[in-house]
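Novice: Before I ask anything, here is the structure I am working with.
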Amino acid sequence: RLITTAEVHAMSSASSRRSRSILQAPIAFISEAIESCILGCVGGVMNRARGGLWSSPPYMSYWTVHILDRFYMAAPLAALFGLASGRRDIALLLCMCTWASFLVGWGCYFSMGRNAPGSVDKVRAGVFDWATGRQEASWDFQRSWVRDFVGMTLRGLVQTLPGGACLRLFGYGWGYAWSGGAMGLIYTLGYTAEGGPPQFGKGTAAAEWLFGLWISLSAVGLARLGHAEMASLRDKYAAFIDKSCWILTAFFGLVFWASTIFYATVVQSDKRNWAQTLFGMVCACLVTTTCCVVNWKRSRENDMGSISRPLLSAQF
């Protein structure tokens, strides 16, 4: 039969829409990638601000400074996640988890083996010294670096695993939870950086910026993926990965508890650092343990509880 003019127009419109959709997909991807990188850089700058980009006013007390400057990173990170996901309720929970984790000190580890020969921190103890050993004056660079690398890796997991486990309960993936495990590597790379602005260019300054950038990108990327990342978890292989992640979360939860108990027995001259670190570790332990218990109980009620749907309602 003859094709009418209307049918020609309809076919032309359909072809035009397909062409636009083919062009729009890569453009949207590139746009979101650029936006995510910009947001990640904002997170990097704010983590550097938390680490000492500018000096606190002299009239502020120790506790005021250390309580507020943790929000320099916790609040923007949560805001970036909320902006990307549209979930302000979950963003608030992420903010509080991040703030509490930032109270845990890591000054005993972040030199990455580059302490002056024979120098030992006699003022503070590391929260993971029960596992890494207390640094001794006779240690060489390699032995000190291994100790610092392990300590920083565990410290990075304290930073992101509690909040990441909460995000998993709401149906998001594991990306943010494990991103903190790169902290030791990032600080090692920070000491190899050369050039750049003095406040961002080398050592802990570069590492703080890079770590803030890394975990911000992880949070924003997870928020943009939404629940899509976990949509394939009905597949047996993906379900195995999810279950393995929960087992690892429980394992590191036990490591956190052991570290907290050890650190509670430590006697050090810097009592304020001891108190804030202990508080942050207790919070990390409680959040991680609660997430594991919720997942376990829900899995008992439904064999697909941790796989086929978010473990918690979309609303509090």
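Novice: For segment 111-140, how many residues meet the condition of being modelled with pLDDT of 85 or more and open to solvent by 50 Å² or more (accessible area, probe 1.4 Å)?
Specialist: 2
Novice: Can I ask one more? Determine which member of the set Ala49, Ala91, Ala74, Ala79 is among the small types (Gly, Ala, Ser), in a helix (DSSP H, G or I) and open to solvent by 20 Å² or more (accessible area, probe 1.4 Å).
Specialist: None of the other options fit; the residue is Ala79.
Novice: Is there a residue being assigned to a helix (DSSP H, G or I), hydroxyl-bearing (Ser, Thr, Tyr) and open to solvent by 20 Å² or more (accessible area, probe 1.4 Å) anywhere in segment 244-264?
Specialist: yes
Novice: Continuing with the same structure: If you scan segment 56-71, which residues turn out to be assigned to a loop (DSSP other than H, G, I, E, B) and under 21 Å from Thr160 (Cβ atoms)?
Specialist: Listed by number, the residues that qualify are Asp69, Arg70.
Novice: Which residue pairs have Cβ atoms closer than 6 Å, lie 6 or more positions apart in sequence or on different chains, and pair a first residue in segment 282-299 that is under 14 Å from Asp242 (Cα atoms) and open to solvent by 30 Å² or more (accessible area, probe 1.4 Å) with a second residue that is outside any helix (DSSP H, G or I) and of a type in the set (S, T, N, Q)?
Specialist: Ser299/Ser306
The values are calculated or read from the model by the stated rules, or taken from the named source; none is laboratory data. Being a predicted model, the structure only gives us computed values, none of them experimental. Neighbour counts run over all protein chains shown; Cβ positions are idealised from the backbone, glycine included. Calculation scope for accessible area: heavy atoms of the full protein, side chains included, ligands and nucleic acids excluded. Shrake-Rupley method; radii C 1.70, N 1.55, O 1.52, S 1.80 Å.
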